[in-house]
Amino acid sequence: MQYWLVKTEPSTYSYADLERDRRTRWDGVSNPLALRHIRAIRAGDRVFVYHTGDQKAIVGIARVASDPYPDPQDPSLTVVDLEAERALHTPVTLAAIKADPAFAEFPLVRQARLSVVPVSEDRWKRLLAMAEAG
């Protein structure tokens, strides 16, 4: 199993929308590096859902429900299906992540505009601990 972080603008599609829908196609990824990441995702992987915009925080966890497949709207792009797992009781803010030296090289910090990034198992566990401690 691998771990990932995907970004979304909550006014477009929020974690609450994913919980309501239970499952969704994660599309709209067009950056070449983000597409490379999405093509590496596999069914069963776990994903942090990060809200951009005013919130700037990890707000929920999803599970990947499909292997990558061509976007039905644009076959040159790749999508995966996500299923809501649970909202975080305490969102983990970007400010809290940046304040922790363990995340200095984390792609969320270093490549802020990238919409899909890998998360190491150690960082996954640390981020979960930050959410539970908050």
Problem set entry | Packing-based order for 84-96, 53-65, using average beta carbon neighbours within 10 Å, highest first | 53-65, 84-96
Exercise. Using the alpha-carbon atoms, what tilt in degrees (0 to 90, nearest 10) does helix 121-133 show relative to the longest principal axis of the chain?
Worked result: 60
Exercise. For the chain, what is the relative contact order in percent, using Cα pairs closer than 8 Å and at least 6 residues apart in sequence?
Worked result: 31
Seminar exercise, completed: With a 1.4 angstrom probe the carbon and sulfur portion of accessible area for region 44-134, in percent, totals 50
Exercise. How would ASP74, ASP67, ASP17 rank on accessible area, largest to smallest, probe 1.4 Å?
Worked result: ASP67, ASP74, ASP17
Exercise. How much of SER14 can a 1.4 Å solvent probe reach, expressed as accessible area in Å² and rounded to 10?
Worked result: 20
Problem set entry | Cα pair distances in region 1-99, grouped into 5 Å bins until the bin that holds the longest one, percent each | 3, 14, 24, 25, 21, 10, 3, 1, 0
Exercise. For region 5-52, what is the accessible area per residue in Å², given a 1.4 Å probe and the full set of protein chains?
Worked result: 49
Exercise. How would LEU128, LEU5 rank on accessible area, largest to smallest, probe 1.4 Å?
Worked result: LEU128, LEU5
Exercise. Given H placed 1.01 Å from N in the peptide plane, which residues other than close sequence neighbours of THR78 have an amide H under 5 Å from its amide H?
Worked result: ASP71
For this session: Quickly work out the ARG42-to-ASP122 label distance, labels modelled 7 Å from Cα along the C-beta direction, and quote it in nm with one decimal.
Result: 2.3
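The values are calculated or read from the model by the stated rules, or taken from the named source; none is laboratory data. Since the structure is predicted, the reported quantities are computational estimates derived from the model, not experimental observations. Every residue, glycine among them, receives a Cβ derived from its backbone with ideal geometry; neighbour counts consider all protein chains shown. These area figures cover heavy atoms from the full protein model, side chains too; ligands, DNA and RNA do not enter into them. Shrake-Rupley method; radii C 1.70, N 1.55, O 1.52, S 1.80 Å.
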